[in-house]
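A quick write-up on the structure given underneath.
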Amino acid sequence: AKKQGRNRVCFFSEELEHDLIKRHKVEKILRDSLEQNSLEVHYQPQVDLNTGKIIGLEALVRLKAEEQGWISPLDFIPLAEDLVLINQLGGQVLRKACKFAKRLVEMNAPIKMSVNISAVQFASPNFVSDIADCLEECSLPSRYLELEVTESALMHDFEETQVILTELSQMGISIAIDDFGTGYSSLSYLKAFPVDVLKIDQSFVKDMMQDSQSLDIVKTIIFLANSLSLTLVGEGVETSDQADTLQQLGCLIVQGYLIAKPEPEQTILTRLC
Ligand code: C2E
Ligand code: CA
Ligand code: CA
Ligand code: CA
């Protein structure tokens, strides 16, 4: 029994040790990458199903671990938030994405660039001025920039959020609600905030072919977006059945592995130019 007890303790501590080592490794790679401004950004096309044309790109950050390949954003975005590195990370991603968008404008392939914003960034006092600075540095017209925020990021302080979004909107930047339908929030914010785009969460897109409730949710989101004159983007589209269904229901812009995975700049350039 004593031996078993020891083994059990050992088992748990090894697990914990493994997590701590992993976290520590990721932290080191993250800090080094930020210091060297060497984070990569990949871009996933958003396509208009009626024309087949790429009308937008979503910027997705990539962290390269030497031996292990890529580290998932799901493993380092929360860490960057904990370590108060998310503003630095977000600033670097925003600059890279805006520079690339500017390059595309110059190459006569202008496209809307959509950048993910963490709730922590959104709540930071210099957020709006940082974005204005970035647009100026990159000489990117604001109409090419879109910011993706989740519902939960908007729910901290209603009035503060209203001020920030109104400022961004007046600057000409568009606002997309990411993972729409998965947050615990009321819909009234859609009236109060200048929202432009709803991104239908990939879980609904994935389940709608088998599950009538998910299909009903997708239909309801599409109805809501049309009623409020919001643009719709269907996320995580992996099959042509999913794309066909979304198109028939009136969600004409889609994004997902069916069309393309997130890709480095060079690959996007060959698609667009
Ligand atoms: P998200 O913003 O909802 O991004 C969509 C995620 O779904 C991306 O994962 C994308 O690669 C993946 N995806 C795209 N198409 C498909 C598909 O057809 N099927 C499936 N199964 N997945 C698909 P990724 O790049 O691993 O990013 C995960 C999350 O990390 C993002 O979710 C976003 O919340 C966060 N993230 C990524 N880049 C950034 C960033 O620059 N800043 C911030 N704050 N968060 C980021
Ligand atoms: Ca997103
Ligand atoms: Ca999403
Ligand atoms: Ca997500």
Rg and Dmax [Cα atoms of segment 187-273; Å; Rg one decimal, Dmax integer]: 14.3, 42
Projecting each Cα onto the charge dipole of the chain (Lys/Arg +1, Asp/Glu -1 at the beta carbon, about the Cα centre), which of Ser118, Ala153, Gly69 comes out farthest on the positive side? Gly69
Å³ per residue enclosed by the Cα convex hull of segment 90-216: 116 Å³
Please give the helix 158-170 orientation as an angle from the longest Cα principal axis of the chain, in degrees from 0 to 90, rounded to the nearest 10. 50 degrees
Just the number, please: percent antiparallel of the DSSP beta bridges in the chain, rounded to the nearest 5. 40 percent
Take the alpha-carbon centre of segment 188-211, take the same for segment 246-263, and report the distance between them in whole Å. 14 Å
Which whole-Hz ³J(HN,Hα) couplings does segment 135-148 yield from phi under the Karplus relation 6.51 cos²θ - 1.76 cosθ + 1.60, θ = phi - 60°, glycine and proline marked x? 4, 5, 3, 8, 6, 9, x, 4, 5, 8, 10, 10, 10, 9
Using all Cα-Cα distances in segment 85-163, what percent lands in each 10 angstrom bin from 0 up to the longest? 18, 50, 27, 6, 0
So for segment 46-114, what percent of the C-alpha to C-alpha distances run longer than 20 Å? 45 percent
Percent of Cα-Cα pairs per 10 Å bin, from 0 to the last occupied bin, for the chain, please list those. 6, 27, 32, 23, 8, 3, 1, 0
Quick one: ranking His156, His18 by accessible area, 1.4 Å probe, largest first, what do you get? His156, His18
Multiplying the sequence separation of Glu137 and Glu40 by 0.36 nm and subtracting their Cα-Cα distance, what value in nm do you get? 33.0 nm
Residue-by-residue Karplus 3J(HN,Hα) for segment 214-231, coefficients 6.51, -1.76, 1.60, Hz, glycine and proline x: 5, 4, 4, 5, 4, 4, 5, 4, 5, 4, 4, 4, 5, 4, 9, 6, 9, 7
When the accessible area of segment 85-209 is split by element with a 1.4 Å probe, what percent falls to carbon and sulfur? 49 percent
Accessible area in square angstrom per residue, segment 153-252, 1.4 angstrom probe: 50 Å²
Amide hydrogen neighbours beyond the local backbone of Leu147, cut-off 5 Å, H modeled: Val115, Ser174, Ile175, Ala176
Give, in nm to one decimal, the length gained when the segment between Ser203 and Leu258 is fully stretched (0.36 nm per residue of separation minus the Cα-Cα distance). 18.3 nm
Applying the gyration tensor rule to the Cα atoms of segment 219-269 (axes a ≥ b ≥ c; rounded if a/c under 1.5, else prolate if a/b exceeds b/c, else oblate), the class is oblate
Whole-angstrom Cα spans of segment 119-173 along principal axes, big to small: 32, 17, 16
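The values are calculated or read from the model by the stated rules, or taken from the named source; none is laboratory data. These numbers come from a predicted model, not from an experiment. Cβ coordinates were reconstructed from backbone atoms using ideal geometry, including for glycine residues, and neighbour counts include every protein chain displayed. Heavy atoms of the whole protein, side chains included, go into the accessibility calculation; ligands, DNA and RNA do not. Shrake-Rupley method; radii C 1.70, N 1.55, O 1.52, S 1.80 Å.
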